[in-house]
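Engineer: What follows is a structure written as structure tokens; I'll ask about it next.
The values are calculated or read from the model by the stated rules, or taken from the named source; none is laboratory data. Source: prediction; values computed, not measured. Don't worry about glycine lacking a Cβ; one is built from the backbone with ideal geometry, like all the others, and counts go over all protein chains shown.
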Amino acid sequence: MIPEDVISGEIVSCPDCGMDFEVSKSDESDLKLKPAEIEGEDWGE
């Protein structure tokens, strides 16, 4: 379930599979989800 107050660019997690998705919306009626590209830490490498 996506919160009603979600903003574009926010990362949400699926409670069923645990995957993270990035929210993209241009207006209140146009909501899209795409798999989030989470960058890992490089720890100074």
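Engineer: Among the candidates LYS34, LYS25, which residue alone is among the basic types (Lys, Arg), at pLDDT below 90 and either at negative phi or exposed (fewer than 10 other Cβ atoms within 10 Å of the Cβ) (or both)?
Structural biologist: On the way: LYS34 fails: at pLDDT below 90.
The unique qualifying residue is LYS25.
Engineer: Which pairs do you get when a residue that is farther than 13 Å from GLU4 by Cα and of a type in the set (S, T, N, Q), found in the range 22-38, comes within reach of a residue that is modelled with pLDDT of 80 or more and in a strand (DSSP E or B), reach meaning Cβ atoms under 6 angstrom, with the pair 6+ apart or on two chains?
Structural biologist: Correct list of pairs: SER24/LYS32.
Engineer: May I ask you to list the residues in the range 2-19 that are part of a strand (DSSP E or B), exposed (fewer than 13 other Cβ atoms within 10 Å of the Cβ) and touching a residue at least 12 places away in the same chain (Cβ under 8 Å)?
Structural biologist: Within the range 2-19, the first condition is being part of a strand (DSSP E or B), and the residues that meet it are 11-13.
Imposing the further condition that a residue be exposed (fewer than 13 other Cβ atoms within 10 Å of the Cβ) reduces the set to 11, 13.
If the condition is that a residue be part of a strand (DSSP E or B), exposed (fewer than 13 other Cβ atoms within 10 Å of the Cβ) and touching a residue at least 12 places away in the same chain (Cβ under 8 Å), then ILE11 is the only one that fits.
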